[in-house]
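Q: First the structure, which I've put down as structure tokens, then a few questions once you've had a look.
The values are calculated or read from the model by the stated rules, or taken from the named source; none is laboratory data. All of these numbers come straight from a predicted model, not from anything done at the bench. Here Cβ is always computed from backbone atoms with ideal geometry, including for glycine, and neighbour counts include all displayed protein chains.
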RNA sequence: GGGAGCAUAGCUCAGUUGGUUUAGAGCAUCUGCCUUACAAGCAGAGGGUCGGGGGUUCGACUCCCUCUGCUCCCACCA
């Protein structure tokens with residue numbers, strides 16, 4: 001069969017993915033083997049694959065495939081997250097396009113639309129992951145709003161409520177006027193924004209000629225002011241003590257109060273206090289018993305309490321108020337001012353601090369064990385630098401606002417009675433039972449459930465538990481089922497550092513609370529995928545390639561390699577398509593190596609050439625030592641190093657050296673010994689490559705030998721080191737290799753065709769058994785000792801380590817040039833020798849340095865001395881000849 | 001404002017408790033090759049004194065101080 005010179009991935013990938021699925025190779029059930037478990041960070045159910053997912057899931061797949069090939073029972077659990085805010089926003093937007101307003105729908109009607117949307121778009125991203133080759137156990141696919149997972153969330157709420165950690169209270173929360181919900185502190189992004197600082201006069205009420213000047217960035221909230229505040233130590237304002245001022249435009253009277261919070265240096269040293277719309281003002285208000293006037297509605301528009309500009313959006317109102325203040329004579333000036341403005345992560349709306357009634361979970365106690373697990377390395381963060389950040393956060397946790405004013409999610413299991421009290425229970429029937437203990441006449445209809453849903457993270461923090469067993473959360477008596485006790489704690493979690501607190505820390509808390517154990521042992525934190533200019537990839541910048549197009553163009557294996565090559569843990573990835581091209585090129589290289597080997601005919605009568613015999617021995621040693629290196633890299637989660645080691649082993653050592661050495665001459669067959677050794681080596685190389693490049697390795701492995709249906713490289717055992725590594729042979733080979741490179745170098749610089757045979761003479765240490773390799777690889781006709789050389793021959797000399805080589809090149813040599821070359825080498829070595837001598841003659845060095853270091857220096861000294869001697873002798877010969 | 005991290009060839013990065021022939025890799029570059037697996041290739045080569053300055057040490061890319069530049073996290077100065 002004719003095989004194309006170019007690897008074409010498309011059909012091959014589809015074929016093998018189907019084969020793996022049909023054979024259920026991804027599926028795992030508890031058995032007697034050691035488990036290896038990863039739970040996927042569930043992507044948003046309506047999300048589409050972006051480069052971050054590509055990186056993250058490639059890494060997970062590499063880890064899972066490798067564990068599987070190391071004989072572990074590997075289980076990678078996939079699934080999606082319901083993502084309250086993001087999904088609800090998408091559904092609202094979609095309805096809007098159809099002319100339907102969310103407010104015109106009942107909760108039930110809206111949820112029907114939402115589920116419809118979820119069924120239609122949900123899981124697209126999981127299908128995309130399949131294109132990447134992800135070996136997830138799809139039979140275990142979960143969704144955070146599956147009925148049983150939702151029930152686990154409810155149970156968790158009840159559990160913490162009973163424990164006394166959940167409470168309801170009025171607090172200043174981060175209000176998202178677009179998302180129409182409270183968001184947690186972690187969902188708020190501070191961005192430096194150019195805004196303005198406005199200086200405004202507030203006249204004293206009993207003396208219209210006197211006024212104070214305040215500086216504010218939010219003039220539209222002056223109608224909500226309930227005081228003016230100065231620092232008690234500020235002598236400028238002592239005369240105003242106890243006086244009252246009038247709010248401009250609406251002329252409401254408010255007191256001047258004193259509080260040390262005020263910074264005398266900033267602005268005018270005079271601060272307007274707006275308890276309803278600023279967290280600090282709110283706290284000052286509590287201290288001074290000030291009223292709270294909330295002039296904004298949930299959409300960020302002025303309400304009737306504002307008295308003026310009712311119904312106007314807060315930002316439009318700002319400009320209008322400024323104009324009005326100018327007209328009324330209260331406006332003094334405005335200056336440019338840079339400040340940190342809070343934005344909602346989900347909707348990018350400017351966050352409005354808002355007082356509202358919310359549910360909270362106490363965090364302090366939960367954080368303690370969760371911190372301990374990480375600090376004592378029960379859970380390892382990779383890279384370690386995140387330990388600091390983690391500790392800082394855990395030592396400063398605040399209570400978690402877990403209620404969201406949304407419909408899409410798990411509704412809070414609290415039922416209100418007519419008298420305003422409430423009952424927390426797992427379901428309405430339980431709630432009714434409890435209610436009946438107070439009032440036996442009460443009916444279901446009289447119970448109203450809290451309309452809010454729980455924060456998405458309140459479900460995803462259970463993920464590593466609830467994908468295996470939904471009984472445990474909130475149910476202390478339930479015994480963990482077989483899956484949970486087998487797969488949990490999971491092994492590795494691969495995720496982005498930005499959700500270390502959102503998600504990772506909380507999973508650790510939940511794991512401790514419900515399973516009394518860590519949820520995972522290692523957390524590998526990937527970097528952010530950026531473009532080559534260092535900008536974060538985003539839709540709005542349009543700088544993100546479509547992952548599926550990339551896969552189509554370069555193959556999944558190529559894309560995986562491209563992503564991994566530049567991804568050390570915790571470092572951001574500067575993505576450049578050229579990396580994917582490199583991955584594609586590598587696929588092609590592997591493909592062609594296979595084409596070469598496959599094209600060979602075995603000649604049963606052929607003897608094994610000496611160089612082939614040596615090459616097999618050498619490569620097997622090298623392969624083993626590489627396996628050790630790769631193992632070490634994986635242990636340290638240095639995946640790109642592991643890949644690079646494999647890459648070079650295949651491309652440089654196997655293709656450029658091994659295959660070239662054993663390659664039979666044109667038209668000849670290959671001896672059976674070398675051939676079978678080569679197949680064995682190829683097999684091992686494919687297995688080493690498989691976790692990184694699953695498709696091409698499966699394709700080639702399946703063709704390498706007769707396979708039966710149900711065979712697969714993905715369930716084969718990865719190669720292990722069985723015999724001792726011959727390090728002497730490796731070193732000997734390197735010397736030979738160095739000599740060959742030098743000879744090729746001479747050819748290039750002297751313009752000698754590779755087809756022209758040369759002779760080689762040497763003096764010094766060399767492994768004679770490897771000489772045949774030189775004959776073949778450097779096209780040498782004769783190798784002999786230097787002492788047997790006719791003295792008058794001219795040629796080119798070089799050293800490899802301390803072995804001297806000479807290539808006779810009668811008439812092709814510029815003797816002056818050769819001498820100059822040798823002179824410069826001697827100078828270099830002499831300088832080097834001097835620096836060693838300086839060290840060795842330093843008494844402090846001799847007395848302080850460890851013996852190995854001194855021995856090494858002595859070895860360096862003797863080596864360079866003998867090199868210099870050799871070179872000097874060569875130079876002498878040359879001088880005689882000129 | 002507080003905290004953390006980074007700064008090594010054109011680019012992306014290694015360099016594991018300071019000593020391994022006076023700093024490594026991949027890509028890119030340059031030179032020569034369509035050599036019967038691969039031009040998505042082959043062969044060869046060049047390129048950095050480790051951000052600047054100071055210090056500790058027999059010895060520093062590696063430790064300390066300082067300056068410069070960048071990144072990230074946290075934070076309620078209007």
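Q: Inside segment A:220-325, counting only strands (runs of 3 or more DSSP E) that do not spill past its ends, which hold 2 or more residues that are touching a residue at least 24 places away in the same chain (Cβ under 8 Å), within 11 Å of RNA strand B (Cβ to nearest atom) and surrounded by 16 or more Cβ atoms within 10 Å (Cβ to Cβ)?
A: Hits in segment A:220-325: A:227-230, A:270-273.
Q: Exactly one condition in (1) modelled with pLDDT of 95 or more; (2) more than 24 Å from residue A:558 (Cβ to Cβ); (3) surrounded by fewer than 19 Cβ atoms within 10 Å (Cβ to Cβ) is not met by residue A:665; state its number.
A: Result: residue A:665 fails condition (1) only.
Q: Filter segment A:450-463 for residues that are within 30 Å of residue A:515 (Cα to Cα) and outside any helix (DSSP H, G or I) and give the result.
A: The answer is A:450, A:452, A:453, A:454, A:455, A:456, A:461, A:462.
Q: I'm trying to understand the selection: among the residues of segment A:796-813, which are surrounded by 12 or more Cβ atoms within 10 Å (Cβ to Cβ) and more than 24 Å from residue A:734 (Cβ to Cβ)?
A: A:808, A:809, A:812, A:813
Q: For residue A:210, state whether it is surrounded by fewer than 18 Cβ atoms within 10 Å (Cβ to Cβ) and over 34 Å from the mean Cα position of the chain (by Cα).
A: When the stated conditions are applied, residue A:210 passes them.
Q: On to the next question. Which of the following residues is within 25 Å of residue A:862 (Cβ to Cβ) and free of Cβ contacts under 8 Å to residues at least 40 places away in the same chain: A:827, A:802?
A: A:827
Q: Would you confirm, using the coordinates I've provided, whether residue A:836 is within 14 Å of RNA strand B (Cβ to nearest atom) and buried (at least 16 other Cβ atoms within 10 Å of the Cβ)?
A: Against the criterion (within 14 Å of RNA strand B (Cβ to nearest atom) and buried (at least 16 other Cβ atoms within 10 Å of the Cβ)), residue A:836 qualifies.
Q: With respect to residue A:134, is the statement that it is in contact (Cβ under 8 Å) with a residue 24 or more places away in the chain and under 22 Å from the mean Cα position of the chain (by Cα) true?
A: The answer is yes for residue A:134.
Q: Tell me yes or no: at least one residue of segment A:18-29 is in a helix (DSSP H, G or I), free of Cβ contacts under 8 Å to residues at least 40 places away in the same chain, within 22 Å of residue A:702 (Cα to Cα) and within 16 Å of RNA strand B (Cβ to nearest atom).
A: No, segment A:18-29 contains no residue that is in a helix (DSSP H, G or I), free of Cβ contacts under 8 Å to residues at least 40 places away in the same chain, within 22 Å of residue A:702 (Cα to Cα) and within 16 Å of RNA strand B (Cβ to nearest atom).
Q: If you don't mind, there's one more thing I want to ask. Test residue A:387 against the criterion of being free of Cβ contacts under 8 Å to residues at least 24 places away in the same chain, surrounded by 14 or more Cβ atoms within 10 Å (Cβ to Cβ) and under 28 Å from the mean Cα position of the chain (by Cα), and give yes or no.
A: yes
Q: Among the residues of segment A:736-743, are any within 42 Å of the chain's Cα centre (by Cα) and more than 24 Å from residue A:769 (Cβ to Cβ)?
A: Within segment A:736-743 (the criterion being within 42 Å of the chain's Cα centre (by Cα) and more than 24 Å from residue A:769 (Cβ to Cβ)), the answer is no, since none of the residues qualifies.
Q: Just a yes or no: is a residue in segment A:494-505 closer than 30 Å to residue A:89 by Cβ and out of contact with any helix residue (DSSP H, G or I) (no Cβ under 9 Å at 6 or more places or on another chain)?
A: Yes, some residue in segment A:494-505 is closer than 30 Å to residue A:89 by Cβ and out of contact with any helix residue (DSSP H, G or I) (no Cβ under 9 Å at 6 or more places or on another chain).
Q: Could you list all residues from segment A:608-655 that are modelled with pLDDT of 95 or more, out of contact with any helix residue (DSSP H, G or I) (no Cβ under 8 Å at 6 or more places or on another chain) and in a loop (DSSP other than H, G, I, E, B)?
A: Those that are modelled with pLDDT of 95 or more, out of contact with any helix residue (DSSP H, G or I) (no Cβ under 8 Å at 6 or more places or on another chain) and in a loop (DSSP other than H, G, I, E, B): none in segment A:608-655.
Q: Examine segment A:748-764 for a residue that is surrounded by 16 or more Cβ atoms within 10 Å (Cβ to Cβ), within 22 Å of residue A:729 (Cβ to Cβ), within 16 Å of RNA strand B (Cβ to nearest atom) and within 51 Å of the chain's Cα centre (by Cα), and state whether such a residue exists.
A: Scanning segment A:748-764 turns up no residue that is surrounded by 16 or more Cβ atoms within 10 Å (Cβ to Cβ), within 22 Å of residue A:729 (Cβ to Cβ), within 16 Å of RNA strand B (Cβ to nearest atom) and within 51 Å of the chain's Cα centre (by Cα).
Q: Here's a check for you: in segment A:105-115, which residue that is in contact with a helix residue (DSSP H, G or I) (Cβ under 9 Å, 6 or more places away or on another chain) and in a helix (DSSP H, G or I) is farthest from residue A:409 (Cα to Cα)?
A: So, considering only residues that are in contact with a helix residue (DSSP H, G or I) (Cβ under 9 Å, 6 or more places away or on another chain) and in a helix (DSSP H, G or I), the one farthest from residue A:409 (Cα to Cα) is A:113.
Q: I've got another one for you. What are the residue pairs meeting all of these: first residue in segment A:557-580, first residue on the phi > 0 side of the Ramachandran plot, second residue more than 10 Å from RNA strand B (Cβ to nearest atom), Cβ atoms under 6 Å, and 6 or more apart or on different chains?
A: Going by the 6 Å Cβ cut-off, the qualifying pairs are A:570/A:525.
Q: Residues being touching a strand residue (DSSP E or B) at 6+ places or on another chain (Cβ under 9 Å), over 15 Å from residue A:693 (Cβ atoms) and more than 10 Å from RNA strand B (Cβ to nearest atom): count how many of those fall in segment A:620-667.
A: 2
Q: Just a yes or no: is a residue in segment A:704-714 in a helix (DSSP H, G or I), within 16 Å of RNA strand B (Cβ to nearest atom) and surrounded by 14 or more Cβ atoms within 10 Å (Cβ to Cβ)?
A: The answer is yes; a qualifying residue exists.
Q: Yes or no: residue A:330 surrounded by fewer than 20 Cβ atoms within 10 Å (Cβ to Cβ) and either in contact (Cβ under 8 Å) with a residue 40 or more places away in the chain or within 30 Å of residue A:523 (Cα to Cα) (or both)?
A: In short, no.
Q: Moving to a separate point now. Going by what's in this entry, would residue A:684 be described as within 16 Å of residue A:630 (Cα to Cα) and more than 7 Å from RNA strand B (Cβ to nearest atom)?
A: yes
Q: Let me ask something else about it. Quick one: which of A:114, A:134 is more than 30 Å from residue A:483 (Cα to Cα) and buried (at least 18 other Cβ atoms within 10 Å of the Cβ)?
A: Exactly one residue qualifies, and that residue is A:114.
Q: For segment A:777-882, which fully contained helices (runs of 4 or more DSSP H) count at least 2 residues that are within 19 Å of residue A:743 (Cβ to Cβ)?
A: A:815-840, A:851-881
Q: Going residue by residue through segment A:782-797, is there one that turns out to be over 17 Å from residue A:749 (Cβ atoms) and touching a helix residue (DSSP H, G or I) at 6+ places or on another chain (Cβ under 6 Å)?
A: Looking through segment A:782-797, at least one residue is over 17 Å from residue A:749 (Cβ atoms) and touching a helix residue (DSSP H, G or I) at 6+ places or on another chain (Cβ under 6 Å).
Q: Mind listing just one residue for me: the one in segment A:352-368 that is surrounded by 16 or more Cβ atoms within 10 Å (Cβ to Cβ) and more than 24 Å from residue A:450 (Cα to Cα) and, of those, nearest to RNA strand B (Cβ to nearest atom)?
A: My answer is A:367.
Q: Okay, moving on. Check segment A:85-94 and report whether any residue there is without any contact (Cβ under 8 Å) to a residue 24 or more places away in the chain, surrounded by fewer than 19 Cβ atoms within 10 Å (Cβ to Cβ), part of a helix (DSSP H, G or I) and touching a helix residue (DSSP H, G or I) at 6+ places or on another chain (Cβ under 9 Å).
A: yes
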